[in-house]
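Take a look at the structure below.
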Amino acid sequence: MIIKFKALRSLFLLLGLFLFVTVTTGQNIPVPKNIIFFISDGMGYNHVDATSYYQYGDSGAQVYESPEWVKLAMATYPAVVAIDNGDTVFAAGYNPRMAKTDHTYVKSDYTGSAAAATAMSTGKKVHARSIGLGLKGDTLHHISQSAKALGKSTGVVASVPFTHATPAAFAAHQEDRANYGKIAKYMLFDTKLDVIMGTGHPEFDNNGKPSKPDYHYVGCSKIWQKITANKGKTVFEVNDRAYRVKDATGDGNPDPWHFIQTREEFIKLSQGETPPRIFGVPQIYSTLQQARDRKPGSKNPYDTPLIESVPTLEEMTRASLNLLSRNPNGFFVMIEGGAVDWAAHDNESDCLIEEQIDFNRSVEAAVEWIENNSSWDETLIIVTSDHECGYLTGPGDPDPLYPPVVNNGKGNLPGMQWNHDHHTNKLVPFYAKGPGAEIFKLFAGEYDPVRGPFIQNTTIPAVIFMMWDNGSF
Ligand SMILES: [Zn+2]
């Protein structure tokens, strides 16, 4: 037996060595030219199913659920939940046994969008409110920076303010997610992003109507006025300070932002020539659609008509892909269905489905782009979430867990019950297709009795860094 064990151990050591050599020399590791990273903020398994029941009268019906996609679960918890009266409260991780036997377990130690996006962009679990900074305030390295080092184009696209936690944490470094003004300046002047698209327009309200200016999400009004004037400037002098844009294209010259805001401008950008850099802020304040006033008695999705003057996330997706794919070296883009989370916080079943449908259509648009303009050999697509929000289940009492969402047929609101008005520590779904997608399976080293093998949110950039930087980050 001892000899057998030793032989087995040697075999494993050899296997390990082989893997190590393969990884360190970069042999046999796929290298995607493009990566399209979709995040539906707040989406859990039941959010996907509820939307599929409404859209198709069936579950498993989304493009990212088709058989050739890699499907895993993912843990989302941060490193530190909060600093409470000077005490650091470390997160307790995720315990599959507790999650299966105690329905209250997932209501604590959950992450925030800032820490979750930082983990998915840099590979480090951090403090719940951190944007791209480590636990000691150290500056972390984003996937978008690796992409730039390879001469690729980069972008962030969101259905919520462009300075909000998720888009910010894929490009910026800031100690608190609420510092929107500082984040806006950083994204516009300190990053080399080629595309920034998101809401937060100071001159419009949540219904898309012109309103008294509110610079909450964009910061300095003077910078906003100057940068949106589209005069091709690369230096902005404001309050005795000069803000300079970066060289995004790598030709040695700084590249001015080209500002767009109308729906027509977004749609036009989805085809043909484009300016090198786009700063796109639809004419709406906080979200594309979710925060609009609802008609009294609105109960089902679209009972309140959508605002026509703003683009959909799908239209923004098409526009960003057209611009970013002009670079022969490839691109990285993060596209966020941000208001899925806002609907879930408010426990709005109808809005949740509207937002998740726009997200689903955005993924479909990206798949269509890959099949028409790229290929599954050169573009990796990832679809996942940063955390579950709202503890969405079917109607009923926990025994020990709540029942699943109930299918009421296509076009009908499914049986849905909200059990929380905040995030949870539940596992979220992870889907991937394209070069490198299979690698994620190797990292699914933990097992959940309900959801199966799961990865950590930090696994995503770890795999991307391995493919793009030979594991040097
Ligand atoms: Zn979130």
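No value in this document is a laboratory result; all are computed from the given coordinates. Source: prediction; values computed, not measured. Don't worry about glycine lacking a Cβ; one is built from the backbone with ideal geometry, like all the others, and counts go over all protein chains shown.
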Check your understanding: Quick one: what does P(r) look like for the chain with 20 Å bins over all Cα pairs, in whole %?
Key -> 25, 58, 16, 1
Check your understanding: When the Cα atoms of region 396-455 are enclosed in a convex hull and the volume is divided per residue, what value in Å³ results?
Key -> 147
Review point. In what order do Leu413, Leu380 fall by count of nearby beta-carbon atoms within 10 Å, going from fewest to most?
Key: Leu413, Leu380
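For the peptides 81-91, 186-196, what is the packing order when you average, over each peptide's residues, the other Cβ atoms within 10 Å and list the highest mean first? Show your work: numbers first, answer last.
Working: 81-91: 12.3, 186-196: 22.5.
Answer by packing, highest mean first, reads 186-196, 81-91.
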Exercise for review: Calculate, in nm to one decimal, what Asp214 and Asp240 gain on full extension: separation in residues at 0.36 nm each, minus their alpha carbon distance.
Suggested key: 7.0 nm
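Which GluC sites (Glu not before Pro) in region 342-388 sit in a loop by DSSP (not H, G, I, E or B) and have at most 16 other Cβ atoms within 10 Å of their own Cβ? Don't skip to the end; give the middle numbers.
Values: sites: Glu348, Glu354, Glu355, Glu364, Glu368, Glu371, Glu378, Glu388; in loops: Glu348, Glu378.
For GluC sites (Glu not before Pro) across region 342-388 that sit outside H, G, I, E and B with at most 16 neighbouring Cβ atoms in 10 Å, the list reads Glu378.
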Practice item. Go ahead and estimate [θ] at 222 nm for the chain from helices alone: -39,500 (n - 2.57) per DSSP H run with n ≥ 4, summed, over the residue count, rounded to 500. Key: -9000 deg cm²/dmol
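Name the GluC sites (Glu not before Pro) in region 281-335 that are in a loop by DSSP and that have at most 16 other C-beta atoms within 10 Å, would you? The partial results should precede the final answer.
Numbers: sites: Glu308, Glu314, Glu315; in loops: Glu308.
Loop-located and lightly packed - Glu308.
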Practice item. Bin all alpha-carbon pair distances of region 293-371 at 5 Å intervals from 0 and give each bin's fraction as a whole percent. Key: 3, 14, 21, 22, 15, 11, 7, 4, 2, 0, 0
Practice item. Based on other C-beta atoms within 10 Å, arrange Trp69, Trp257 from fewest to most. Key: Trp69, Trp257
Check your understanding: Which of the lysines could a cross-linker bridge to Lys433, judged by Cα under 22 Å and excluding same-chain residues fewer than eight apart?
Key -> Lys33, Lys71, Lys152, Lys441
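Only sites in a loop by DSSP and with at most 15 other Cβ atoms within 10 Å count here; which trypsin sites (Lys or Arg not before Pro) in region 92-148 make the cut?
Details: sites: Arg97, Lys100, Lys107, Lys124, Lys125, Arg129, Lys136, Lys148; in loops: Lys124, Lys125, Arg129, Lys136.
When the trypsin sites (Lys or Arg not before Pro) of region 92-148 are filtered for loop state and at most 15 Cβ neighbours within 10 Å, Lys136 remain.
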**Study point:** Distance between modelled label sites at Asp397 and Asn372, nm, 7 Å Cα→Cβ extension
**Key:** 5.3
Point to revise | Inter-label distance, nm, simple model (7 Å from Cα along the C-beta direction), Asn419/Asp87 | key: 2.8
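Evaluate Rg over Rh across region 213-313, taking Cα atoms for both radii and Kirkwood's formula for Rh.
Values: Rg = 17.3 Å, Rh = 16.2 Å.
Taking Rg over the Kirkwood Rh, I get 1.07.
Compute the signed sum of charges (Lys and Arg +1, Asp and Glu -1) over the other residues within less than 9 Å, Cβ to Cβ, of Val70.
Numbers: positive: Lys71, Lys433, Lys441; negative: Glu68, Glu438.
Here the count lands on +1.
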Review point. Glu65 to Val450: extension gain in nm, 0.36 nm per residue of separation minus the Cα-Cα distance?
Key: 136.9 nm
